[in-house]
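Working notes, beginning with the structure itself.
The values are calculated or read from the model by the stated rules, or taken from the named source; none is laboratory data. None of these values were measured; they are calculated from a predicted model. Using ideal geometry, Cβ is built from the backbone for each residue, glycine included, and neighbour counts are taken over all protein chains shown. Note: areas computed on protein heavy atoms with side chains; ligands, DNA, RNA excluded. Shrake-Rupley method; radii C 1.70, N 1.55, O 1.52, S 1.80 Å.
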Amino acid sequence: MRALISAVLTSLALLATMPASALPNPPAKAPAGQEDTQQPATTKPPRNPDDGWFFYRDPREEEKKKTPPPKPAPPSAPTDMSEKVGSAEWIQKNLPRIMMDAINDPGNRDKVELYGYVQKLAMDKSEQFANTYIRVMSANPALDETIRNPTSTFALRELDTKRDSERAEVLRQIAQTTGLWYFFRSDCPYCHRQNPLLDLLQQDSNISILPISLDHQPLQDGSFPNWVADSGQGQYLGVTNTPTLFMVHPSTGQLVSLAVGQRSLPDIERRIIEISRDQNWIDQATYERAMKGMPQRYITDAFDPTSITDPNDPKQVLDALRHAGMHGEAQQSATLDDLQKATRGNATPWKGSE
């Protein structure tokens with residue numbers, strides 16, 4: 001240790017005796033006003049001891065961290081609860097919120113009472129609309145759906161009777177221009193059950209039925225004795241099951257599959273009418289008489305949007321829809337005095353009588 005201290009003191013003494021020119025020159029100081037203002041290209045951030053020797057800090061990430069986060073958007077203005085309060089739109093938007101407020105704070109009687117009143121308001125408005133709707137529909141035959149689709153028992157019974165009568169008449173009309181090909185086998189049990197129904201159809205509509213035996217044998221129950229043997233028609237038409245029925249229209253030469261397998265009489269009649277309409281053997285009015293009991297008029301068939309010059313005018317839209325209705329125009333209400341002026345003679349014979 002003494003030797004080390006002696007060496008240091010000796011070195012200091014030697015430096016003190018050396019001339020100033022032998023000492024290293026310090027860096028020259030720039031003149032005033034010409035200081036080097038250039039900054040380093042990058043400033044290396046202080047190293048974090050926890051980063052490790054091979055940790056790399058991306059300067060771009062550092063810049064992002066320095067960027068202040070965007071300011072939150074200002075809260076939206078509260079809904080103007082005073083505008084159209086009580087309307088259907090207001091109820092639809094606010095009733096769920098009012099209900100949740102009452103549920104979350106059930107001890108607050110005002111919130112619960114508010115929910116009760118708003119709910120009753122919605123129910124009252126709905127009932128008023130329903131009552132007015134019934135009055136409007138009942139007073140306008142074009143909108144009263146019960147006219148063509150009655151709901152009462154006696155009206156349904158009457159409609160069924162009328163429809164059966166109309167259907168029988170339409171079937172007789174179809175039978176004048178069409179006929180049936182009836183493919184059977186002599187031992188087919190389903191054919192034996194189908195035979196009485198086809199016999200009734202023939203009696204009621206007078207439709208022509210040509211029985212064709214696929215096995216060249218007559219029916220075992222003796223039905224349709226005027227049968228003919230199949231001569232290739234069944235194979236050509238792809239008949240593999242019996243009974244099988246085809247509709248034939250001799251004047252046009254059309255042959256259309258009607259039914260495969262045993263069918264009920266109403267099903268066969270309905271299929272005959274449906275195919276006849278599909279093949280244009282009957283017109284739409286005749287088809288509707290057979291299926292519904294009276295001709296139908298659909299708004300979609302008569303509605304003409306081009307007649308409306310201003311789609312934003314409710315009166316024009318209503319007038320166009322009225323004209324396209326089942327009866328063309330809505331029935332008008334009037335007073336007895338107006339009726340007396342518009343008609344000939346005594347339009348009110350009971351007036352003034354006891």
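Tabulated results
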{"read-out": "Accessible area of Ile268 in the full protein assembly, 1.4 Å probe (Å², nearest 10)", "value": "0 Å²"}
{"read-out": "Amide H contacts of Val228 (H built 1.01 Å from N, under 5 Å, at least 5 apart or other chain)", "value": "Ile212, Ser213"}
{"read-out": "Heavy-atom accessible area per residue - segment 97-140, 1.4 Å, Å²", "value": "80 Å²"}
{"read-out": "Full-extension gain in nm, Ala229 to Gln128, via 0.36 nm per residue minus C-alpha separation", "value": "29.3 nm"}
{"read-out": "Gained length - Thr306 relative to Gln284, 0.36 nm times residue gap less alpha-carbon distance", "value": "5.4 nm"}
{"read-out": "Karplus 3J(HN,Hα) series, Hz, for segment 111-121 with 6.51 cos²θ - 1.76 cosθ + 1.60 (x for Gly, Pro)", "value": "5, 5, 5, 4, 4, x, 5, 5, 5, 5, 4"}
{"read-out": "Exposure of Tyr182 as accessible area (Å², to 10), given a probe of 1.4 Å and all protein chains", "value": "0 Å²"}
{"read-out": "Cα centroid of segment 219-289 to Cα centroid of segment 180-200, whole Å", "value": "12 Å"}
{"read-out": "Accessible-area composition of segment 166-309, carbon plus sulfur, in percent [1.4 Å probe]", "value": "49 percent"}
{"read-out": "Extension gain, Arg193 back to Thr151 (0.36 nm per residue minus Cα-Cα distance, nm)", "value": "11.6 nm"}
{"read-out": "Estimated FRET transfer efficiency when R0 is 51 angstrom, pair Arg270-Val85 (beta carbons, to 0.05)", "value": "0.35"}
{"read-out": "Heavy-atom accessible area ranking, 1.4 Å probe, most first, across Leu121, Leu214, Leu114, Leu201", "value": "Leu114, Leu121, Leu214, Leu201"}
{"read-out": "Accessible-area value, Val118, 1.4 Å probe, nucleic acids and ligands omitted, Å²", "value": "10 Å²"}
{"read-out": "Segment 196-247, relative contact order in percent, only Cα pairs under 8 angstrom and at least six apart counted", "value": "26 percent"}
